[in-house]
Amino acid sequence: MHHFKETIYMSPNSHPPIGKLVDVGSHQLHIYSTGEGSPSVIFESGGASWSLDWNLVQTEVAKFTSVSSYDRAGFGWSDSGPKPRTSEQIVTELHTLLTNAEIKKPYILVGASFGGHTARLFSKKFPDEVAGVILLDARHEAINSKMPPAWKKLETAGKGMYQVMLLASRLGALTLLGKLAGEKAAPSIVMKLPPEIRPMYLEVGFQPKYFQSNLDELAASGESDRQLSTTGSLGNIPLTVIRHGIPDLFASMPVEQAEQAETVWQELQKDLAKQSSNSQMLVAEKSGHGIQIDQPGLVVEAIRQMVETIRGVSTSK
């Protein structure tokens, strides 16, 4: 009978938040802070991504400065937030979160994929609070106008998948399936995480609100892109752009369009590097789109380098 236990529905409450819940007005957001020292590193996740995706990087960065990962509204341990879920809304909530959680300024904002929008918009709105920006294969606001037609299909397929998963998770079917299939059915990131946080990742990560929040962010993505297109450059804020070396994002596209998409993506990455007069570009040769999962060491080193530069500048003043 010992197998039976595993299929019982586990509520996310069986895994209390690893960080703390902080009131940001209409709802609470979860933030997990470790390490000490200045500047404070803040991780902003990509779409469909949350605090535990930063585990491999955060563990190392905490050894040399203070670092926080958090869950955007509707992800992980955070409550759902007011709609529409645009980058402007996300930036407002993040700023309130960092203020209310008393995270020391200045910040280095590390934005992955869609999280790059937050990092850049935050830096424009609160330039005095930002010491540096690191973009990991970040989304560019011109992406939809430049990409081949198969890109749109990819996004539509994503929406369809989240709708199906939302229904399945509301019915509890997903939890049951997850328990039966175990970690084999899990995203590849799960197997790279320390074993003790894998069950937490699967149970807290894939609640109904997660799929709904993905749909809400996707629904607002056109508006988020528009908000970024009017933002302008970052001036001379230190900026490191890290782009993927393995084009896994486009693997499901027809070959010709996949090659075209990869060319467009890399050109847009170069454009992102031009957003500051004080920037550098790195290539994560062994990484697909999830650079913080595929090459956490590279991300840690880029952060370390920026932290040391900023500290050097502040001590020589």
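No value in this document is a laboratory result; all are computed from the given coordinates. Values in this document were obtained by computation on a predicted structure and should not be read as measured data. Please note: Cβ atoms are built from the backbone with ideal geometry, for glycine as well, and neighbour counts cover all protein chains shown.
List of remarks:
- The Cα center of region 91-113 and the Cα center of region 218-260 differ in position by 22 Å.
- Net charge dipole size for the chain [Lys, Arg +1 and Asp, Glu -1 on Cβ; Debye, nearest 20]: 180
- Too-long pairs where the Cα-Cα distance tops 21 Å, listed order kept, from Lys209/Lys286; Lys20/Lys105; Lys146/Lys274; Lys124/Lys270; Lys124/Lys153: Lys209/Lys286; Lys124/Lys153
- Just checking the listed ones, His244, His27, His289: in the Gaussian network model of the chain with Cα springs under 10 Å, the one fluctuating most is His27.
- Between Gln280 and Ser38, the C-beta separation translates, for a Förster distance of 25 Å, into a calculated FRET efficiency of about 0.70.
- Of all DSSP-defined beta bridges confined to the chain, some 25% are antiparallel rather than parallel.
- Rounded to 0.05, the FRET efficiency of the Lys146 and Arg304 pair, given R0 = 25 Å and the Cβ-Cβ distance, is 0.15.
- Sites Glu196 and Glu155 - FRET efficiency at Förster radius 30 Å, r taken between beta-carbons, to 0.05: 0.30
- Loop GluC sites (Glu not before Pro), region 83-141, which have at most 10 other Cβ atoms in a 10 Å radius of their Cβ (DSSP): Glu102
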